[in-house]
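Accompanying notes for the structure given below.
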Amino acid sequence: MTGQPDDSAAMIGARLRELRQRISEIARRAGRDPSEVRLVAVSKTHPPETIEAAIAGGQSDFGENTVQEALPKIERLASRPLSWHFVGHLQSNKARFIPGKFAWLHSLDSLALAQRLARLTAEKHAPLDALIEINITRDPRKHGVAPEALPALLDDLQPLAGPQLRLRGLMTIGPYPASEGDSRAAFAALRKLRDDCQRRAGWRDFTELSMGMSGDFAEAIMEGSTVLRIGSAIFGERSYAKKS
Ligand SMILES: *Cc1c(COP(=O)(O)O)cnc(C)c1O
């Protein structure tokens with residue numbers, strides 16, 4: 001997977017610079033402060049050497065979607081001041097791998113998982129910022145909580161939220177394929193849902209919207225994204241077939 005010219009360290013640095021510039025421009029055009037938009041580089045399928053290239057390019061937030069792939073990379077890069085984001089689906093029986101390793105979980109989707117995480121974060125004194133994943137388009141192929149199920153889940157989560165398990169906002173994967181209008185409608189719906197949650201639960205720190213990937217980050221920024229999860233626009237296309 002390494003050694004291809006388009007994956008060289010210099011290329012990754014250049015892509016990151018260009019991407020940050022585009023993010024800033026789009027944010028400003030939308031009347032937003034670019035510093036409100038965090039960039040998470042989704043490094044799944046890419047080796048630590050490739051992540052090093054992004055670190056050299058000033059990147060410090062990285063996203064992974066499986067525990068087994070992420071843990072060795074986190075270990076290898078443990079001396080670096082990085083924030084790791086778990087963005088994939090998480091089975092409750094793997095919850096123990098998250099606190100202490102990851103700073104953020106983007107895919108909280110059940111009370112059972114939240115209960116485990118509340119216990120583990122307290123035991124390990126390892127706080128976790130968690131986002132509730134929403135299946136905003138009700139796509140049967142996708143994980144996440146249906147929008148109409150969210151109010152009841154919030155009520156159940158209320159006693160679990162605290163300084164260890166910090167409920168910070170919502171995450172969604174935008175529709176694909178989708179027109180610009182489809183994407184914006186889905187992201188606007190997530191923003192509205194976050195505002196409803198803020199009111200209902202009264203959580204002051206429930207401010208985050210993790211939405212926007214390589215193909216739809218412009219629409220996401222226009223609709224209020226505070227966390228972009230971007231992989232291929234930084235690292236190039238993923239080649240799962242060549243995974244070692
Ligand atoms: C892979 C992945 C991304 C990044 O996707 P790109 O299209 O490569 O930017 C973002 N979010 C999640 C949940 C992912 O699994």
- List every residue pair whose Cβ atoms sit under 9 Å apart, with the two residues 6 or more apart in sequence or on different chains, where the first one lies in region 38-57 and is at positive phi and the second, anywhere, is crowded, with 19+ Cβ neighbours inside 10 Å and modelled with pLDDT of 95 or more. T45/G231; T45/F235
- Query: Give me the pairs: first residue in region 167-195 and under 22 Å from D156 (Cα atoms) and touching a residue at least 60 places away in the same chain (Cβ under 8 Å), second residue open to solvent by less than 60 Å² (accessible area, probe 1.4 Å) and assigned to a helix (DSSP H, G or I), beta-carbon distance under 9 Å, and six or more apart or on different chains, which are they?
  - Reply: M171/L190
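Could you tell me whether region 201-211 includes any residue that is more than 23 Å from L128 (Cβ to Cβ) and hydroxyl-bearing (S, T, Y)? Can you show your working first?
As a first pass, look at region 201-211 and keep what is more than 23 Å from L128 (Cβ to Cβ): none.
No, region 201-211 contains no residue that is more than 23 Å from L128 (Cβ to Cβ) and hydroxyl-bearing (S, T, Y).
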- Complete set of residues in region 51-95 that are out of contact with any helix residue (DSSP H, G or I) (no Cβ under 6 Å at 6 or more places or on another chain) and assigned to a helix (DSSP H, G or I): I51, E52, I55, A56, Q68, E69, A70, L71, P72, I74, E75, N93
- Under the condition of being away from the ligand (no atom under 16 Å from the Cβ) and in contact (Cβ under 8 Å) with a residue 40 or more places away in the chain, which residue from region 15-28 is surrounded by the most Cβ atoms within 10 Å (Cβ to Cβ)? A27
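Open to solvent by 40 Å² or more (accessible area, probe 1.4 Å), in contact with a strand residue (DSSP E or B) (Cβ under 7 Å, 6 or more places away or on another chain) and either assigned to a loop (DSSP other than H, G, I, E, B) or within 13 Å of the ligand (Cβ to nearest atom) (or both), is that true of H143?
Values: open to solvent by 40 Å² or more (accessible area, probe 1.4 Å): yes; in contact with a strand residue (DSSP E or B) (Cβ under 7 Å, 6 or more places away or on another chain): yes; either assigned to a loop (DSSP other than H, G, I, E, B) or within 13 Å of the ligand (Cβ to nearest atom) (or both): yes.
Yes.
Answer with yes or no whether S92 is of a type in the set (G, A, S) and modelled with pLDDT of 95 or more. Full working, then the answer.
Working: of a type in the set (G, A, S): yes; modelled with pLDDT of 95 or more: no.
Here the answer is no, as S92 does not meet what is asked.
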- Message: Tell me whether region 84-106 contains one or more residues that are surrounded by fewer than 22 Cβ atoms within 10 Å (Cβ to Cβ), in contact (Cβ under 8 Å) with a residue 12 or more places away in the chain and of a type in the set (V, I, T).
- Response: no
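Just checking, how many residues over region 193-244 are within 9 Å of the ligand (Cβ to nearest atom) and not in a helix (DSSP H, G or I)? Write out each step before concluding.
Residues of region 193-244 within 9 Å of the ligand (Cβ to nearest atom): 210, 212-217, 228-235, 237-238.
Applying the additional criterion that residues be not in a helix (DSSP H, G or I) yields 210, 212-216, 228-231, 237-238.
The qualifying residues number 12.
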- If L117 satisfies every condition in (1) farther than 19 Å from A149 by Cβ; (2) touching a Pro at 6+ places or on another chain (Cβ under 9 Å); (3) in a helix (DSSP H, G or I) but one, which is the exception? (1)
- Identify, by number, the condition in (1) surrounded by fewer than 15 Cβ atoms within 10 Å (Cβ to Cβ); (2) touching a Gly at 6+ places or on another chain (Cβ under 8 Å) that M211 doesn't meet. (1)
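The values are calculated or read from the model by the stated rules, or taken from the named source; none is laboratory data. Predicted model, so just to flag it, every value in this text is computed and none were measured. Every residue, glycine as well, gets a Cβ built from its backbone with ideal geometry; the counts of neighbours run over all protein chains shown. Surface areas here come from the heavy atoms of the whole protein model, side chains and all, with no ligands, DNA or RNA. Shrake-Rupley method; radii C 1.70, N 1.55, O 1.52, S 1.80 Å.
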